[in-house]
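A.B. asks: Pasting in a structure now, in structure tokens, and then I'll have a few things to ask.
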Amino acid sequence: MTTESQLWVGYYQLTYLKQPNVLYFGHLIGFALNRDDFQQKIETYKIQHQCKLSSQLAPLPALTWFQRHGYQAQIFVQAQQLKTDELRFLFVQEENRTNHETNYLIEESLTVAPFIGRPPIKNGIFSYLPEKLAVHPFFAELTSEHNPKEGLYYPHPDFTENPQDWRYYAVIDGVKSFTIPQLSEHEGRTESLYKGELKDKMDSNAPFLAQLTVTDREDSPFVELLFTQAEQPWMGAWDCNPTIIIRSQQSFETLAYHLRKFIHLYREENEKWYFFRFYDPIILVAYLRYIACSPAKLASFFGVREGETMIDSFGARIGNRFHIFSLKDLPQGTQPSAVGFDKEFQAFVEDYGQNQFAENVLTDILPQSFPDLILSKEKLISWIEQGNRLGMSSEGALTLFVQAHCYLLNETKTPQALLAEIKNEYGNLSEAELAKLFYLKAKAIKKEGE
């Protein structure tokens, strides 16, 4: 056990309580006996400077930090001037929460159709990609020349790997289809992204990383399977849609190591770990769009460090639209944020949940009672947010609340007036009681006006 103080280094987001919209990013350095001692000094620093500190890269002893993140001269120079009990914040960059208008994400979207049965023959061979994807630059090197099965998966004496070639990987959701990972094993290296006890416990329900390859006959049965529609999942995975696709120049091991950082996110507030199913196409698209204006989050997710990018592009299909995401140039000096369940991720979870709920209400619930109603998603969300402000959080209560608003459309009685009447008559109510009364009274008003 270490009994002498040594220099510790961490990378933090600092926010002063009097300037909550301005975020400062930088290294926090100081001498400490161990991690707990360093953390105690951080708590003192927060009180003294009236600020909040959110860890972006976990604190480490300086030698370990330099080995892992590279030597940084400024840290060494500043450390020479440190007092024994002093913590010092070394400013690197600043962000303003009210000015996140720059989008650093490139998104393309193409309409694709599934293969029904065997794919069409083109130039004497079967096409394993839908036509629009087969000619798109994203898939330009998914060929036997650049990603040969006989070489990447099976040893071949004439194969020499080119580090400049793009590699293609699928991240497969084992929960959606336990057969797909088994089928991918025949085409390229496939491994669970879970390790240890969790891997044994989750078994086939884990996310799997699979390398995509093309045979010397210029076909790729597994890629073809992903874009084939069939009743049986082992004949076609179009309907269950269990994968996202990644283009990268990194090795299988390096990419797997990077992706494992995001599978479980730690939340400091309750000291719990949460699963992050970024490999679900719907969640991936929503998350990337949500962090599009956050350089630090994008740098973390794409694996940007010292000018190198771990992941060049993501591909994900939702319905008949295939989305491709890549990065624009990030601001100079951008540092990747910490991987964790922070406030921004909590905001994403809430926003994603609200959008998914709104989509379900629009497509599945409202058409049953209001088949001729034309309602924008934005209007619906404004009603949901109004319900939230009134203390409604359950989907059941919010559904009734939204339906009540629909009944009151074009009626002289406004929703606000009706809610005020209910409050005056019944006083304090639970969310379920308020939603139910609001729904029944609105429905009665609609019926009286017919």
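The values are calculated or read from the model by the stated rules, or taken from the named source; none is laboratory data. Just so you know, these numbers come straight off a predicted model, no measurement behind them. When we count neighbours, we look across all protein chains shown, and the Cβ atoms used for this are built from the backbone with ideal geometry, even at glycine. Areas reflect the complete protein model, heavy atoms only, side chains present, ligands, DNA and RNA absent. Shrake-Rupley method; radii C 1.70, N 1.55, O 1.52, S 1.80 Å.
A.B. asks: Mind pulling up the Rg/Rh value for region 399-444? Radius of gyration and Kirkwood radius, both on Cα.
C.D. replies: That ratio is 0.93, to two decimals.
A.B. asks: If I take every Cα pair under 8 Å that is 6 or more residues apart in region 1-69, average their sequence separation and divide by the length, what percent do I get for the relative contact order?
C.D. replies: It rounds to 43 percent for region 1-69.
A.B. asks: So what's the convex hull volume per residue for the Cα atoms of the chain, in Å³?
C.D. replies: 207 Å³
A.B. asks: Further question on the same structure: With +1 on each Lys and Arg Cβ and -1 on each Asp and Glu Cβ, how big is the dipole of region 327-397 about its Cα centre, in debye rounded to the nearest 20?
C.D. replies: In debye, rounded to 20, region 327-397 gives about 120.
A.B. asks: Same structure, new question: Ranked from highest to lowest mean number of other Cβ atoms within 10 Å per residue, what is the order of the peptides 335-345, 437-447, 355-365, 75-85?
C.D. replies: Most protected by this proxy first, the peptides run 335-345, 437-447, 355-365, 75-85.
A.B. asks: Please work out the average accessible area per residue across the chain, using the 1.4 Å probe convention, and give it in Å².
C.D. replies: With the other protein chains kept in place, the chain gives 53 Å² per residue.
A.B. asks: Using only alpha carbon pairs under 8 Å that are at least six residues apart, calculate the relative contact order of the chain and give it in whole percent.
C.D. replies: Computed value for the chain: 13 percent relative contact order.
A.B. asks: State, in angstrom, two size descriptors of region 184-274 derived from its alpha carbons: Rg to one decimal place and Dmax to the nearest whole number.
C.D. replies: Both quantities, over Cα of region 184-274: 15.7, 54 Å.
A.B. asks: Carbon-plus-sulfur fraction of the accessible area of the chain, 1.4 Å probe, in percent?
C.D. replies: Roughly 50 percent of what the probe reaches on the chain is carbon or sulfur.
A.B. asks: How large is the dipole of the chain about the Cα centre if only Lys and Arg carry +1 and Asp and Glu carry -1, each at its Cβ, rounded to the nearest 20 debye?
C.D. replies: Here the size comes out at about 940 debye.
A.B. asks: Could you grab the relative contact order for region 106-254? Cα pairs under 8 Å, six or more apart, rounded to a whole percent.
C.D. replies: It comes to 30 percent, rounded to a whole number.
A.B. asks: Shifting gears a bit: Would you be so kind as to identify which of Leu437, Trp383, Ala347 lies farthest towards the positive end of the dipole of region 335-450, taking Lys and Arg as +1 and Asp and Glu as -1 on Cβ and the Cα centre as origin?
C.D. replies: Of the options given, the answer is Leu437.
A.B. asks: A further question on this structure: Given the C-alpha atoms of region 238-368, compute the convex hull and give its volume per residue in Å³.
C.D. replies: Hull volume over Cα atoms, normalised by residue count, gives 138 Å³.
A.B. asks: Continuing with the same structure: Can you give the convex hull volume of the alpha carbon atoms of region 275-434 per residue, in Å³?
C.D. replies: 160 Å³
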